[in-house]
Amino acid sequence: MSKIQNDMSLTGQPPKTINKQQKLASALGLIGLFILLIALFNVILPGGKVIWLTTSLVAMATGIIWFAHAGYAHKKAGIKNDGVYFKSLSSRGLWAWSLGIFITLFYVALYWFPQYLGLVEDGDNNGVIALFDPLSKLLSGNPASQWFVYGTLYTLAILGFGVKFMYKYWHNKYEVLRTCSVMFFQLAFAFVIPEILVRLNQPYYDLKNMWPLNYDLFAGYKIDEFLSAGNVGLLMLIFGIISIFVVSPILTYKYGKRWYCSWVCGCGGLAETAGDPFRHLSDKRQVAWKVERWVIHSVVVFVTVMTTAVIFSYLRGNESSNISEWSNLEDKVVIMSESQGKSIGERIKQAEKAKAKAVVFLYEENEAPTIEDTEGITIDYIVASQSENKQALHIIKNGNEAIIKNSNSNGENLTVAKQQDIAVYDDFWISKEFFIWFIIGLLTLVFAWVMLFKRDALAKDAKYGAIGYFVVVLSILLFTYFSNPGKLFFFDAYQLRKSYGFLIGAMFSGVIGVGFYPLLGSRVWCRFGCPMAAILGFQQRLFSRFRITTNGGQCISCGNCSTYCEMGIDVRAYAQKGENIVRSSCVGCGVCSAVCPRGVLKLENGPEDGRINPTDVLLGNDVNLMELMNNKK
Amino acid sequence: MKHVVIIGNGIAGVTAARHIRKLSDHKITIISAETDHFFSRTALMYIYMGHMKFEHTKPYEDKFWKKNRIDLKKAFVSQILPDKKEVVTKDGENITYDSLILATGSKPNMFGWPGQDLDGVQGLYSYQDLQSLEKNAPNKKVCNRAVIVGGGLIGIEMAEMLRTRDIPVTFLVRETSFWNGVLPSGESEMINKHIKDHHIDLRLNTNLKEIIADENGRAKAVVIEETGEELPCNVVGLTAGVTPNVEFLKDSPIALGKGIKVNRLLETNIKDIYAIGDCAEQHEAIGNRRTIEAVWYTGRMMGETVAQTICGNPMEYNPGHWFNSAKFLDIEYQTYGWVFSERNKKDEELHFHWKHADNTKCITIAYHRDTGQFLGINTFGIRMRHNVIDNWLTEKRDVEYVVNHLKEANFDPEFYTHFENDILATFSKTKATI
Ligand SMILES: Cc1cc2nc3c(=O)[nH]c(=O)nc-3n(C[C@H](O)[C@H](O)[C@H](O)COP(=O)(O)OP(=O)(O)OC[C@H]3O[C@@H](n4cnc5c(N)ncnc54)[C@H](O)[C@@H]3O)c2cc1C
Ligand code: SF4
Ligand code: SF4
């Protein structure tokens, strides 16, 4: 009889369950979460929002840290994966499914039904969003939005679980430093600084969030925001471009993509901290690797085409030739300066149809152009010299009254009133033509470089893939340019951006990427979806000093490294051949090296020569045999 | 088409098969009785501890074998008929071969202890042993205490495994200090302490006398030779080393010692039959090596070598410098070249020993008394770069050079604290006192 009872109590034994203190800690954390749930249902909480919000956040943070302390503090320095595959939460059991569904629901509400979280478009928020108002007002001065709630919880998760991760890997300095770094970047760059920028009337900008991960960076509204913010905005835009084309390639060359993916990035940050208990769930099969390569590179194509389209249409929108009755110009003074293209008179007529108030044509050369096709124009228009009116234009842009002098000394001058809305066209130094050709040139250059110098580093299918993608992108761009310069690509740029935002931004990186942590592992987005990771990875594979060195013949094929690789890389397949690991998807988290019981793996930066070293016979055997086999290729 | 039959799907047999496939188009069949597919024996402990599942211990995906045209057969070979060039399975099937590779591995040592066949008494070698342990010691309620007999690498792994389920463990070690037949005393003592820190009841100088059964024929206690003390327990782990798994060859004409006798070409006394891995026994030791080398790497290296011979490029087994590694609970251990324990070392072998104050890191460098030549290094808690040390051994560097250049050989993860300066200072000091 007693035997049966023993068997029934199996689940109550370590390491399957958590200890008593951990249970208490979980309860505390859940209380914090519970407060948010109560707020969601608009239950009026006595004592005011500040107290409840503080209680909730503190309870959750304390719960997490206490949990970590109770779980790890009494243990010796070493690997703490006991029971990972016995616990329901970390082995796709009931708890994992419940958590997965809960997070997924949260994301669905966040992206598509923020009203259920309490968002009110015009008026005071209610629900859980209202609970966060005090904190938001403290930082930016504005009431909270669903994104602020999300940002706060996200940051809290990275900080709390970051501490947990450090407890777990206390003996490993690489892990500790790396975690401090992601915690810092999340708290400062992603959370606090952007809010403070808003408070200072500057554009909201997370400096570390680079294109193409930040696919909205070049969206029209964002560029307008940067440009209208004067020098600071311009600096931000320039910083954004420099980080893509200069900073990132240099750092990736020196250290591999880990500098971003495991030290800076917020998605990576969450995966490494809150996602750590699920890292081993990544799919290690070769099929998964195949799927990964197709999906992630398709996303890169998508984001490239989309961004090009968005910028293209933005530049196009800046051309006065494209003014039409649908341009939103009601009561505005239109300033244009492009002498090529549609006749100026025709443009003025279009502006009139769009209900513009007046049109100013600025010219730079010495001679003022004459305007044709003027019959039927009823609104005011003048031709004015750019240089003569410098002062006046400046005053107008600042919202004050000024007079623009007509180039024809007999003609009337135009008085622009205080606070008059103006619309400026033709003020970019790049044209859409230049832009398209620039992109085509850049892509061709990269492609040619790879095919000329790095051909040997690519597998056959990778080569075909690269050629295929290159042809597809170029044909889309060329087709658009030649066939129908008026319309954009096959789709409207705005629609394209919207579908990208829905499919990739929300569904992939949010719902699947985080919601499915407990089922698919923590880096699904980073591995299959993130275009930034793909581009950095591409460079890491072909042009970087980073590799994971395999230590001679020491591997015993145990499989710990592969199991705990969150990117699903079969590390062992390389290690047991004595071969270094040079993979585009490796984010350099260092966990494979940490869990290896034989000290076989070391992440390091070194000369590019000999970085990739295929071997058949490992160090330790007859030297002649090693040479015979390893050099025969 | 030549048919190569391999008995045993461990690292030795599988490496041979892979290399034969690389070098030739021979038909290859691997026969093994333990599991359908090759798995890593060294990872058995991680399954019990919940770090991995069985499937993670398989180094190749299941489809690998078909893709590489390596036929797998799950069967136990009971007999070999060299005259007919056939092997006979237990189910009575006859399979003909042109070349036969024996890679049958080891089995745990049993020294004829009274009670060694009782329920609850087991070794830890095969996948089946792991399943028994899961049954015998699922948790601390079913298993109130386990006693492990034999202080080697598998014994300490078994102790670590049981401790993850909070099962009290008593560890009986015959020697005066843990594994001191292999480790120099400073290191061995450090590990003694580490074992005790992990709440394992380590009993040195202690032998097993007998295992006592309860009324159902299950182990219920062990008796200790020296004191006569009776220790109640539910599980007894016998981990006093391994011995080649060659029982089924007793009646065959294949020459046996402890293992299967082979020459440097890994040939047995019978033409076209080879033996590799744990089960092979060299006629004469190669250098300082033992005639039977029961470690992972040597099995692999013999597999690499025998494949050449079978594919028409006769090649002697000619291992380079010795190396090995293990992990004692949380402390990683690596060794390169030869560092002998006090018990086994010759007078010419001198040691320089450094230990960190926290008692989890130390190194021992062995060098020649007269020439100062570097002979080998043991490190605990510090990872070393295999190829650098291998070069030093080949180049016959002296101990001064090694101590001064230790940094080049460091393989710890980035940002780890380095101890080379401290080691060098200690070295200079000890030298001054000589
Ligand atoms: C728990 C444990 C931990 C270890 N850790 C390490 C370590 O960290 N480092 C290290 O270097 N070494 C380690 N070893 C030793 C290492 O695993 C062995 O040296 C190695 O596995 C031997 O490989 P092998 O191919 O010679 O034989 P095995 O792996 O034993 O394979 C032989 C196979 O042949 C089968 N077989 C035998 N006879 C027959 C027959 N008649 N018919 C059909 N099939 C048969 C067996 O069932 C077995 O599957 C460890 C061993 C164990 C048990
Ligand atoms: S290979 Fe290693 S370092 Fe790279 S992602 Fe996988 S576990 Fe991290
Ligand atoms: S590299 Fe390390 S963790 Fe990976 S299989 Fe080899 S020994 Fe195991």
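General remarks:
- Farthest towards the positive end of the charge dipole of the range A:1-136, among the residues A:Ile79, A:Ile101, A:Ile44, is the Cα of A:Ile79, using unit charges on the Cβ of Lys, Arg, Asp and Glu.
- Extending 7 Å from the Cα toward the beta-carbon at both B:Gln128 and A:Phe239 defines two label points whose distance is 6.8 nm.
- The relative contact order of the range A:320-424, computed from alpha carbon pairs under 8 Å that lie at least 6 residues apart in sequence, is 26 percent.
- Set A:Lys16/A:Lys76; B:Lys258/B:Lys327; A:Lys390/A:Lys418 screened for pairs whose C-alpha atoms are more than 21 Å apart: B:Lys258/B:Lys327
- Net charge of neighbours whose Cβ lies under 10 Å from the Cβ of A:Ile422, counting Lys and Arg as +1 and Asp and Glu as -1: +2
- Cα gyration tensor shape of the range A:27-152, rounded if a/c is under 1.5, else prolate or oblate by comparing a/b with b/c: prolate
- Paired Rg and Dmax values of the range B:121-240, which use every Cα atom, in angstrom: 13.7, 45
- Protection proxy ranking, highest mean first, for peptides A:38-48, A:318-328: A:318-328, A:38-48, where packing is the per-residue count of other beta-carbon atoms within 10 Å, averaged.
- Charged-residue dipole, Cβ positions (Lys, Arg, Asp, Glu), the protein assembly as shown about Cα centre, Debye nearest 20: 1760 debye
- Expected 222 nm ellipticity per residue - DSSP helices of 4 or more, -39500 (n - 2.57), all of chain A, to 500: -15500 deg cm²/dmol
- Tensor-based shape of chain A (alpha-carbon gyration tensor, a/c under 1.5 rounded, otherwise prolate or oblate): oblate
- Chain A: Cys lacking any partner C-beta under 4.7 angstrom: A:Cys180, A:Cys261, A:Cys265, A:Cys267, A:Cys526, A:Cys530, A:Cys555, A:Cys558, A:Cys565, A:Cys586, A:Cys589, A:Cys596
- Taking chain B and dividing mean pair separation by its residue count, relative contact order in percent (alpha carbons under 8 Å, at least six apart): 14 percent
- Highest GNM mean-square fluctuation among B:Gln131, B:Gln282, B:Gln308, for chain B modelled with Cα contacts below 10 Å: B:Gln131.
- Annotation: amide H-H contacts under 5 Å for B:Met384 (H modelled 1.01 Å from N, sequence separation of 5 or more, or interchain): B:Phe411.
- Residue order, fewest to most surrounding Cβ atoms within 10 angstrom, among B:Val388, B:Val5: B:Val388, B:Val5
- Based on C-alpha pairs under 8 angstrom that are at least 6 apart in sequence, chain A has a relative contact order of 14 percent.
- Neighbouring Cβ atoms from other chains, within 10 Å of the Cβ of residues in A:594-603, number 6 on average.
- The phi torsions of the range A:342-357, fed into the Karplus equation with coefficients 6.51, -1.76 and 1.60 and a -60° offset, translate into couplings of 3, 5, 4, x, 4, 4, 5, 5, 4, 4, 5, 4, 7, 6, 5, 8 Hz, rounded to whole numbers, with Gly and Pro shown as x.
- Three-way shape label, the range B:323-433, alpha-carbon gyration tensor, a/c 1.5: rounded
- Here's how it looks for B:Thr243: its modeled amide H is under 5 Å from those of B:Lys107, B:Asn109, which are all 5 or more places away or on a different chain.
- For the range A:533-631, radius of gyration divided by Kirkwood radius, i.e. Rg to Rh on alpha-carbons: 0.97
- CD proxy at 222 nm, helix term only [per DSSP H run n ≥ 4: -39500 (n - 2.57); per residue of chain B; nearest 500]: -7000 deg cm²/dmol
- The Cβ shell under 12 Å around A:Gly93 holds other residues with a net charge of +3, Lys and Arg each +1, Asp and Glu each -1.
- Between the amide H of B:Asp398 and those of B:Phe374, distances stay under 5 Å, these residues lying 5 or more places away or on another chain, with hydrogens modeled in the peptide plane.
- Debye intensity ratio in log₁₀ form over the Cα atoms of the protein assembly as shown, taken at each q of 0.05, 0.10 Å⁻¹: -0.43, -1.30
- Cα centroid separation, the range B:273-352 to the range A:112-176 (Å): 57 Å
- The mean number of Cβ atoms from other chains found within 10 Å of a Cβ in peptide B:54-63 is 5, as a whole number.
- Taking a Cβ cut-off of under 11 Å around B:Trp296, the surrounding Lys, Arg, Asp and Glu residues balance to a net charge of +1, with basic ones at +1 and acidic ones at -1.
Quick note: the coordinates plus some simple rules give every number you see, no bench work behind them. None of these values were measured; they are calculated from a predicted model. Positions of Cβ are generated from backbone atoms using ideal geometry, with glycine treated the same way; all protein chains shown enter the neighbour counts.
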